[in-house]
Amino acid sequence: MTDRILRFLNIHKINKKTYRKGRSSMFKENRNINDSSLDNFHVEILDLEYQPIHYQKEIEIILVMEGSPIITINGQQKTYKPKDILVISPFDTHSIYSQKAVSRLLILYLDPNFSKGYFPKMQNVRFTDNKLETPNNHLFIYTFMELAKSYINKNEYYQLNSAGFINIMLFYILTDCAYYEDSEDKPYLISTENKRMSFISEYIQANSFKKIKLEDLANELDLSPTYLSHFIKKHLNRTFSDYISYVRYVNAKSMIHEMNYSLNDISAIVGFSDYRYMNKAFKNQLGMTPNEYRQKLIYQPLINFNENNNTPKAHKEMIRTMDGFMTKHGLEAHY
């Protein structure tokens, strides 16, 4: 492992053992709200450029605040816009990327056992449509914002206040875009396909700095290269080589943001065999060369929130951001 890669891993706080094992993911994700003291739910605001394919055990509820993220859920890809609301079931594989600008997302991660004491069937809910469409969208968004504010401010009894907002949100979700199984003892199950897709994503993320062969990955999964090639195309909507190029492009873009290396060095570090391939990837994704992108950053620097910035000042900025969102979209006028 070269000194430059080691330095890159250190800056991104990526464990070197994890990197070697194949579980690193270098994507721009700035987490602004988090509270480890609450076990059955937590809320985050993410400025997110790319999140590779993954799954989690929680229900995930997403409000798009800024940008036009392209979100792929179980192989189905859609582009979303501000005020769109998504609901993702536990163990559904999904990825998020933003082509032109970083997207800002408000996300609730909710343990399916959250309402076990009074609505145990919530553990078996499956969502018929990931996009929430309801006549009460404005009320839902307003409730989501109030939940986030309660979570940030942590006033007295904020846990009860937050739980009340979550129950209102769940009511609208169950009414408009979900069904549940009758069997109360039937847990969420992750499919073999989802497990395989998650492994593929993690493998490519971890090994994108070097030459990756389809045959090597196929051997890891005990599959034929031909079958694996079709499987990746089906679930990623990209070929194997296109996905590797995209991962390298995202890592290069992140390095341009955060490091003063030459573009040739960045190209080599992230795994492009020739600078021309990085140039092509940037042209395909952004319509500009890496050098043009770097020059644009000099004059139009991005504003990002530090992932460890969990201070009163950061909380105040988050409240201001949410208030601005609500005013911009005329939400406060309804209540």
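The values are calculated or read from the model by the stated rules, or taken from the named source; none is laboratory data. Worth saying up front: this structure is predicted, and the values here are computed from it rather than measured. Quick reminder, even Gly has a Cβ in these numbers, built from the backbone with ideal geometry, and neighbours come from all protein chains shown.
Just to be sure I understand, how many residues within region 69-114 are among the basic types (K, R) and either buried (at least 18 other Cβ atoms within 10 Å of the Cβ) or not assigned by TED's automatic domain parsing to the domain that holds M322 (or both)?
1
Search region 192-251 for residues being surrounded by 15 or more Cβ atoms within 10 Å (Cβ to Cβ) and of a type in the set (F, W, Y), and hand back the single one that is nearest to M288 (Cα to Cα).
Per the stated criteria, the residue is Y249.
Among the residues in region 54-68, are any surrounded by fewer than 20 Cβ atoms within 10 Å (Cβ to Cβ), part of a strand (DSSP E or B), in contact with a helix residue (DSSP H, G or I) (Cβ under 7 Å, 6 or more places away or on another chain) and not assigned by TED's automatic domain parsing to the domain that holds I232?
Within region 54-68, one or more residues are surrounded by fewer than 20 Cβ atoms within 10 Å (Cβ to Cβ), part of a strand (DSSP E or B), in contact with a helix residue (DSSP H, G or I) (Cβ under 7 Å, 6 or more places away or on another chain) and not assigned by TED's automatic domain parsing to the domain that holds I232.
Kindly provide the set of residues from region 67-103 that are under 26 Å from I319 (Cα atoms), charged (D, E, K, R), touching a strand residue (DSSP E or B) at 6+ places or on another chain (Cβ under 9 Å) and touching a residue at least 60 places away in the same chain (Cβ under 8 Å), ordered by number.
Residue satisfying the conditions is K83 alone.
Being more than 25 Å from T192 (Cβ to Cβ), part of a strand (DSSP E or B) and hydrophobic (A, V, I, L, M, F, W, C) is the filter here; which residues of region 92-115 pass it?
L105, L106, I107, L108, L110
Kindly indicate whether any position in region 116-126 is assigned to a loop (DSSP other than H, G, I, E, B), in the same structural domain as S150 (by TED's automatic domain parsing) and surrounded by 20 or more Cβ atoms within 10 Å (Cβ to Cβ).
So far as region 116-126 goes, no, none of its residues is assigned to a loop (DSSP other than H, G, I, E, B), in the same structural domain as S150 (by TED's automatic domain parsing) and surrounded by 20 or more Cβ atoms within 10 Å (Cβ to Cβ).
How about region 189-230: which of its residues are part of a helix (DSSP H, G or I) and within 22 Å of S89 (Cα to Cα)?
Result: T192, E193, N194, K195, R196, M197, S198, F199, I200, S201, E202.
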